1. Of the residues PRO130, PRO140, which is near the ligand (Cβ under 10 Å from one of its atoms), over 25 Å from GLY278 (Cβ atoms) and open to solvent by 20 Å² or more (accessible area, probe 1.4 Å)?
2. Could you say which residue among LEU178, LEU192 is open to solvent by less than 60 Å² (accessible area, probe 1.4 Å), at pLDDT 95 or above and farther than 22 Å from LEU72 by Cα?
3. Across region 143-158, which residue is surrounded by the fewest Cβ atoms within 10 Å (Cβ to Cβ) among those that are among the hydrophobic types (A, V, I, L, M, F, W, C) and more than 23 Å from GLY180 (Cα to Cα)?
4. Under the condition of being in a strand (DSSP E or B) and out of contact with any strand residue (DSSP E or B) (no Cβ under 8 Å at 6 or more places or on another chain), which residue from region 61-78 is nearest to the ligand (Cβ to nearest atom)?
5. Could you run through region 13-56 and say how many residues are within 16 Å of the ligand (Cβ to nearest atom) and outside any loop (DSSP other than H, G, I, E, B)?
6. Could you tell me whether VAL182 is in contact with a strand residue (DSSP E or B) (Cβ under 7 Å, 6 or more places away or on another chain), of a type outside the set (Phe, Trp, Tyr), within 16 Å of the ligand (Cβ to nearest atom) and at negative phi?
7. Restricting attention to region 118-127, which residues are near the ligand (Cβ under 7 Å from one of its atoms) and open to solvent by 40 Å² or more (accessible area, probe 1.4 Å)?
8. Considering only residues that are at pLDDT 95 or above and open to solvent by 10 Å² or more (accessible area, probe 1.4 Å), which ones fall in region 69-88?
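The values are calculated or read from the model by the stated rules, or taken from the named source; none is laboratory data. All values derive from a computational prediction rather than experimental measurement. Positions of Cβ are generated from backbone atoms using ideal geometry, with glycine treated the same way; all protein chains shown enter the neighbour counts. Side chains included, ligands, DNA and RNA excluded: accessible areas come from the protein's heavy atoms. Shrake-Rupley method; radii C 1.70, N 1.55, O 1.52, S 1.80 Å.
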Amino acid sequence: MTADGEQKVEDVFTIQESDCCGNGCTNCILDNKPRPSQRALLAGKRNIILKYTSFRLLQRQTHTGDDQVLFLHFGNAAESDDEDDCVLDIPPGHHIMLRIGFLLRPYSPYWTDFASKEFKILVKLQPDGPMSQHLAAVQPNDRLEFRGPIGNYRHDPAVTKCIYIIAQGVAVAPTLPLVGQVLENEDDMSRLWHLVCAPDLQHVYFRDQLLEFAKYWNYRSCLYVPRQQCGSDACLKAGHCRQECDELRRSLRYKERVCLHRLDANELKQHATPAIPGLRVLIIAGDSGFQRTMGEAAAKALGVAQENVYLL
Ligand SMILES: Cc1cc2nc3c(=O)[nH]c(=O)nc-3n(C[C@H](O)[C@H](O)[C@H](O)COP(=O)(O)OP(=O)(O)OC[C@H]3O[C@@H](n4cnc5c(N)ncnc54)[C@H](O)[C@@H]3O)c2cc1C
């Protein structure tokens with residue numbers, strides 16, 4: 001309340017310097033302030049996450065074989081019917097800000113539910129990272145505050161495109177909704193190339209989901225796992241599995257394509273598809289070093305104009 005008793009309405013669209021996490025994100029909140037959600041407006045509802053909102057941890061799971069990687073599932077913490085007029089809209093390619101005290105860090109949901117106001121993130125804990133320490137300790141029913149959505153990616157299904165998505169490690173997570181958005185729309189004639197970089201197969205997250213995508217005519221993927229290593233003498237000598245390795249073949253699923261070297265400029269050229277019509281779009285998901293090196297090399301090799309390159 002103000003001094004004269006008027007209800008002070010918080011402007012959810014006002015962004016201040018202190019809203020930035022200070023990590024130099026490509027899509028900083030100061031340049032990409034959360035906007036009203038068209039989907040929410042159409043539904044006659046309010047997007048609950050436009051201002052910091054408390055979400056309850058519903059489920060926490062560690063990745064098999066790596067306890068530093070967590071799958072976290074959050075739901076809106078409101079227990080009353082007060083927020084029946086709300087939905088949760090985090091469009092594909094957008095991230096949200098987690099706030100604990102003065103500490104801010106961005107995270108990119110890989111699954112969201114509009115009506116139930118739930119979302120999931122995949123988190124890689126960084127040694128000695130301040131937010132990682134909080135997230136390592138977080139338990140079901142704990143409440144954390146998030147705000148967003150932040151980003152500039154827009155997809156128009158009416159424009160047919162060749163979309164190249166290059167993802168590194170856990171950053172494959174936010175690329176799943178981008179792929180889903182195209183494949184789930186039968187009228188969308190865009191084609192997708194999903195190039196996933198990880199040290200080895202154990203660190204390729206969402207392999208099942210990628211195989212589900214592979215059932216669609218307009219989706220292709222390739223996994224780049226240069227440090228895949230079995231215990232055979234020949235592969236130990238080579239320093240990594242060889243393309244003809246039997247153990248590697250056995251660990252692959254139907255239609256899974258794997259390359260045992262890094263994704264470099266020459267390899268990127270193999271994915272160029274000049275004969276296929278459509279606007280070229282490139283999406284790079286990874287840390288800032290990966291975005292920089294891969295962004296330049298891939299845009300050149302795949303013939304993508306700079307204005308159609310998106311860094312998540
Ligand atoms: C737009 C955006 C979206 C993000 N989405 C996710 C996400 O969905 N899941 C997730 O786990 N993280 C994500 N991150 C990274 C996340 O925001 C934090 O940086 C991370 O959780 C570590 O936070 P921290 O406070 O523990 O450590 P920090 O103080 O942030 O970092 C500790 C050390 O780890 C390094 N580091 C931080 N992040 C990475 C990384 N991704 N790869 C390699 N080194 C890194 C830092 O350079 C630093 O040296 C995202 C970052 C951005 C910019």
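1. Answer to the selection: PRO130.
2. Going through LEU178, LEU192 in turn, just one is open to solvent by less than 60 Å² (accessible area, probe 1.4 Å), at pLDDT 95 or above and farther than 22 Å from LEU72 by Cα: LEU192.
3. Going through the qualifying residues, I end up with LEU144.
4. ASP66
5. Within region 13-56, residues that are within 16 Å of the ligand (Cβ to nearest atom) and outside any loop (DSSP other than H, G, I, E, B) number 3.
6. Against the criterion (in contact with a strand residue (DSSP E or B) (Cβ under 7 Å, 6 or more places away or on another chain), of a type outside the set (Phe, Trp, Tyr), within 16 Å of the ligand (Cβ to nearest atom) and at negative phi), VAL182 does not qualify.
7. Once the filter is applied, which keeps residues that are near the ligand (Cβ under 7 Å from one of its atoms) and open to solvent by 40 Å² or more (accessible area, probe 1.4 Å), region 118-127 yields LYS124, GLN126.
8. PHE71, HIS73 - these are the residues of region 69-88 that are at pLDDT 95 or above and open to solvent by 10 Å² or more (accessible area, probe 1.4 Å).
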